[in-house]
Amino acid sequence: MGFVLVLIIRWQHAYAGQPLPIIGGWLGGNAPGGILLPEFYNQLGAMHGTIMVFLGVVPLAVGAFGNYVLPLQIGAPDMAFPRLNLLSYWFYLAGGLVMLASFFTPGGAAGSGWTSYAPLSVVAIDGQTWWLAGMLLIIMSSLLGALNFITTIVQLRAPGLTWFRLPFFVWAQFVTAFLLLLAFPALQAAALLQGMDRLAGTSFFMPSGLVVSGQPLERAGEGSALLWQHLFWFLAHPEVYVLVLPALGIIAEIIANNTRKPLWGYRLMVYSLFVLGFLSFMVWAHHMFLTGMGTTISAFFQATTMIISIPSVVVLSALILSLYGGSIRFNTPCSSRWPFSQCSGSAG
Ligand SMILES: [Cu+2]
């Protein structure tokens, strides 16, 4: 799905205004004569970002891979709450279906960017309401998943598997779960408020004196469009680390496995993860430098953004140093367990 969206977007970049071959015929009213409507292009952009982040990387790296590998790595029979796990999956599926179904609503899917900035998102077509509903479901899924991950790691470690013996991947999932748990509620609240702005006539994110398509907008006003940006980025910056940390955990395991020795600076890497996780809540407004926050606040967020690079560099340096003195092999990591049992070689 995401791939097709990217394909259409790329075509538009390369051959703007020209009919899109084959796929253009399937798009109906969104592409008269195969030529993309600007509104449809905006929908593709918004939904591509949303699908990629919330229906792609998080479910794959955390929901699927973490869910499978984490209990194995800590010697647990399963996640602490298997039914909650299933519920989390159903929320994810429902959220995903609502998101994708919005393409078939009158007017089409949300087109206000994956960031859904107000006030555009508040006055936008119905697809935006579907986007908000889908987001609420996906957030529920992530929150339930995060609770499950944290509980599993705290409670279900095999006897003798003390904290500093945990595989690095488990630490990465642990910090990721806290990021999800603490960051997502901000967007959950924001999505509810935006839904009320759209449906119930409130104006949390609607400043007064707005003119839309030449018409003064009749709303109560006095809301703050920037409040949306703050709430959104309070989630979306930690979200960056939600995407990165599981991948770092995977890379660390592969390096440890394929150098046949423990990671260099394992404890330092774990501490860096915690510093990263903590600081990721302190940098969100670096996405908002153009909003006129003032130099003092901008300087604060510039400083924290530079500081957060320190633990990142520590982790990456430790990974490079881990190669030193190892007997490096370049085959794929193997496990005797299904579905990896087809690997060749002596690894197990
Ligand atoms: Cu950021």
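The values are calculated or read from the model by the stated rules, or taken from the named source; none is laboratory data. Here the structure is a predicted model, which is why all the values come from computation and not from measurement. For neighbour counting, all protein chains shown are included, and Cβ atoms are generated from backbone atoms with ideal geometry for every residue, glycine included.
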Quick check: is even one residue across the stretch 276-284 assigned to a helix (DSSP H, G or I) and free of Cβ contacts under 8 Å to residues at least 24 places away in the same chain?
yes
Residue pairs qualifying under the 7 Å Cβ cut-off, at least six apart or on distinct chains, with the first in the stretch 38-58 being assigned by TED's automatic domain parsing to the domain that holds Leu100 and within 17 Å of Thr129 (Cα to Cα) and the second being at pLDDT 90 or above and hydroxyl-bearing (Ser, Thr, Tyr), are Ala46/Ser112
Report yes if Ala133 is within 26 Å of Gly28 (Cβ to Cβ), surrounded by fewer than 23 Cβ atoms within 10 Å (Cβ to Cβ) and modelled with pLDDT of 95 or more, otherwise no.
yes
By my count, helices (runs of 4 or more DSSP H) wholly in the stretch 1-58 with at least 1 residues that are within 30 Å of Thr176 (Cβ to Cβ) are 2-14, 38-50
Restricting attention to the stretch 287-298, does a residue exist that is closer than 15 Å to Leu248 by Cβ and either within 14 Å of the ligand (Cβ to nearest atom) or at pLDDT 95 or above (or both)?
no
Go through the stretch 1-58 residue by residue and tally those that are farther than 28 Å from Ile138 by Cα and among the β-branched types (Val, Ile, Thr).
3
In the stretch 235-274, which residues are part of a helix (DSSP H, G or I), among the small types (Gly, Ala, Ser) and away from the ligand (no atom under 16 Å from the Cβ)?
Ala247, Gly249, Ala252, Ala256, Ser272
Checking Glu222 against (1) closer than 30 Å to Ala124 by Cβ; (2) touching a helix residue (DSSP H, G or I) at 6+ places or on another chain (Cβ under 9 Å), only one condition comes out false. Which one?
(2)
Of (1) within 16 Å of the ligand (Cβ to nearest atom); (2) touching a helix residue (DSSP H, G or I) at 6+ places or on another chain (Cβ under 7 Å); (3) among the hydrophobic types (A, V, I, L, M, F, W, C), Val212 satisfies all except one. Which?
(1)
Any residue at all in the stretch 86-96 that's in the same structural domain as Trp130 (by TED's automatic domain parsing), farther than 12 Å from Ile138 by Cα and modelled with pLDDT of 95 or more?
yes
